[in-house]
1. Identify all residues within the range 44-54 that are in a loop (DSSP other than H, G, I, E, B), farther than 22 Å from residue 9 by Cα and touching a helix residue (DSSP H, G or I) at 6+ places or on another chain (Cβ under 7 Å); write none if there are none.
2. Somewhere in the range 12-20, is a residue within 12 Å of the ligand (Cβ to nearest atom) and part of a strand (DSSP E or B)?
3. Taking into account only those residues within the range 303-338 that are charged (D, E, K, R), out of contact with any Lys or Arg (no Cβ under 9 Å at 6 or more places or on another chain) and closer than 22 Å to residue 383 by Cα, which is surrounded by the most Cβ atoms within 10 Å (Cβ to Cβ)?
4. Among the listed residues 352, 327, 341, which satisfies the condition of being in contact (Cβ under 8 Å) with a residue 12 or more places away in the chain and closer than 30 Å to residue 170 by Cβ?
5. Give just the number: which of (1) under 19 Å from the mean Cα position of the chain (by Cα); (2) in contact (Cβ under 8 Å) with a residue 12 or more places away in the chain; (3) surrounded by fewer than 17 Cβ atoms within 10 Å (Cβ to Cβ) does residue 41 not satisfy?
6. Does residue 94 fit the bill of being more than 16 Å from the ligand (Cβ to nearest atom), in the same structural domain as residue 196 (by TED's automatic domain parsing), under 30 Å from residue 160 (Cα atoms) and in contact with a strand residue (DSSP E or B) (Cβ under 7 Å, 6 or more places away or on another chain)?
7. When you look at residue 150, is it away from the ligand (no atom under 16 Å from the Cβ), surrounded by fewer than 22 Cβ atoms within 10 Å (Cβ to Cβ) and either touching a residue at least 60 places away in the same chain (Cβ under 8 Å) or in a loop (DSSP other than H, G, I, E, B) (or both), yes or no?
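The values are calculated or read from the model by the stated rules, or taken from the named source; none is laboratory data. Given the structure is predicted, the values throughout are model-derived calculations rather than measurements. Neighbour counts run over all protein chains shown; Cβ positions are idealised from the backbone, glycine included. Surface areas here come from the heavy atoms of the whole protein model, side chains and all, with no ligands, DNA or RNA. Shrake-Rupley method; radii C 1.70, N 1.55, O 1.52, S 1.80 Å.
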Amino acid sequence: MATGSPRTKVAVVGAGAAGMSCASTLAQKGDQFEVHLFDSASQTGGQATSIALDARYGATWLNDGVQGGSPIFRHTFNFFRRYGYEPQPVKLQVSFGKGTDSFFTNIFPSPLVDKFSGEIQKLGRVLKWIKLLMPLLGILPVKVILRLFRFSHDFGNRMVLPLIALFLGTGNQTPNVSSVLLERLFDDPQMKLWDYDPDTLLPNQPAMYTFPNLGDFYRDWTSYLDSKGVKVRLQTGLEILKRDSKKGVDLRIWDDSTHSSERRWEGIVHDEHFDELVLCVPADEAKKMLGKHATWREKYVLGGVNFYDDVTITHSDANYFNSIFETRYKAELCGKASSETRSEQIAFAKQTPRCRKDGWEGFAPMYYTHSFKQDPQKIEMGFDCTNYQHQFRQALGEDSLSFEQDRHVYQTIFLNKEDSDLWTWESIDKDKIIGEKWWHQFGHNWQHYTRVVPGMMFINGRNRTLYAGSWTMVVSVCLYCVFQPLTGTEYA
Ligand SMILES: Cc1cc2nc3c(=O)[nH]c(=O)nc-3n(C[C@H](O)[C@H](O)[C@H](O)COP(=O)(O)OP(=O)(O)OC[C@H]3O[C@@H](n4cnc5c(N)ncnc54)[C@H](O)[C@@H]3O)c2cc1C
């Protein structure tokens, strides 16, 4: 933009991770951009939320949406540090399945790992093939790859699918996930969460990070944006009135609004003109906002993103959690001590877990999944947040034993409302429920990579409208796409 010209007035809609990063980057060029950040919610952060906890759980707060990430989350960590927050390392421990025929972990070998030893090694070879024949094999859904390379159903359902589901948050859509993600999960230096282990599939205790109190972090980040002149407009309703590639975008805005069930906003209403619109809301929400103004391309691309409604129950019902997942070391869950490494792993797992600054010495998993017997491709996910989030370890102090199990804070995630006949949420003791929240999540199915991701280039930047949001696949990539054309600089 030429110096001396009036500032470009930008409406950024959605104040989750994507919208906040977008507003933040534009705010660095305050002489060029007048930024208005809108959200229908009363706080920023989107799916990154925190709740207060009763003191009896040991910690006073919990991140009950987004909880952590892998060392590849460099941009996120930079944003934390900018506002004085530090992600905390934790050595990752997982527990998949229930009972000797389906349990496996990354902490010690199990009978399942021994049973599928040949297929684990074969998977390593198949990952190389996927990489080699990327465009061709990469878009195929994981379920097709598993069939194509003649993996057994049990190996797919008990080992591969739970692993992808948990780490990509793809839930019950995992069989339809494009296999490029499986390859990236293990192999891409920019994205990988794991090193592939030919013996046990997963590496032993890889580094992860848990996030600071995200409610506090987003509050401070919002204050900073405010101080940089960004107009943060929360609890606001929006309707798109007009878009013109030359003149810009007209919005109808309801300030301090409430939202009725028929999508009608109530509050102080007025119309406002913007030069650019950046939609950092879920794709289906963006499509609804565009309404009759959506082009056929936008309808096609945005309509290709599939969303699912999941519910998280945060609770302290140890009996329920123990009945669904394997939470403790048991001799019968142990595979053969056939090498020195395996013997060391078993000795480590046998100990009563002791608190360390960066995790637990002994078997104390934080991530859990189990498949439903009636439908083995569908899973229930869980977190032992006390084992996972650092504030509990800080409260305990190094070398301490953990809180008693009924003081642990657990989170159970029931996936996809349409599968709710499988859910066992009624079995959670109502008196032990701390909170219940619904989430609207997109699924990384293979169509996402044939329709949505390639389609983005045909809609982004048209009619003065840009798109961001995690559904554009990888937040950092999509934010780059948004900021680069607007600011002419790289997202850093
Ligand atoms: C339960 C759960 C746990 C997760 N855990 C992790 C984790 O541990 N690590 C991780 O990396 N990722 C995790 N994720 C994924 C992560 O939450 C998302 O990738 C990321 O937060 C999405 O950011 P976003 O800005 O794209 O969307 P969102 O965070 O969904 O933000 C969208 C914003 O748009 C607003 N909005 C919607 N409609 C409108 C409208 N019409 N007008 C105005 N505003 C609107 C919403 O209020 C919201 O604030 C988790 C997701 C869920 C649901």
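1. 45, 46, 48, 49
2. The answer is yes; a qualifying residue exists.
3. Among those residues, the one meeting the criterion is 328.
4. 327
5. The single condition residue 41 does not satisfy is (1).
6. For residue 94, the condition - more than 16 Å from the ligand (Cβ to nearest atom), in the same structural domain as residue 196 (by TED's automatic domain parsing), under 30 Å from residue 160 (Cα atoms) and in contact with a strand residue (DSSP E or B) (Cβ under 7 Å, 6 or more places away or on another chain) - is not met.
7. Criteria met by residue 150.
So that you can scan it fast, the table gives a plain yes or no per residue for (1) buried (at least 20 other Cβ atoms within 10 Å of the Cβ); (2) part of a strand (DSSP E or B); (3) not acidic (Asp, Glu):
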site: 363; (1), (2), (3): yes, no, yes
site: 369; (1), (2), (3): yes, yes, yes
site: 376; (1), (2), (3): no, yes, yes
site: 379; (1), (2), (3): yes, yes, yes
site: 382; (1), (2), (3): yes, yes, yes
site: 393; (1), (2), (3): yes, no, yes
site: 399; (1), (2), (3): no, no, no
site: 411; (1), (2), (3): yes, yes, yes
site: 418; (1), (2), (3): no, no, no
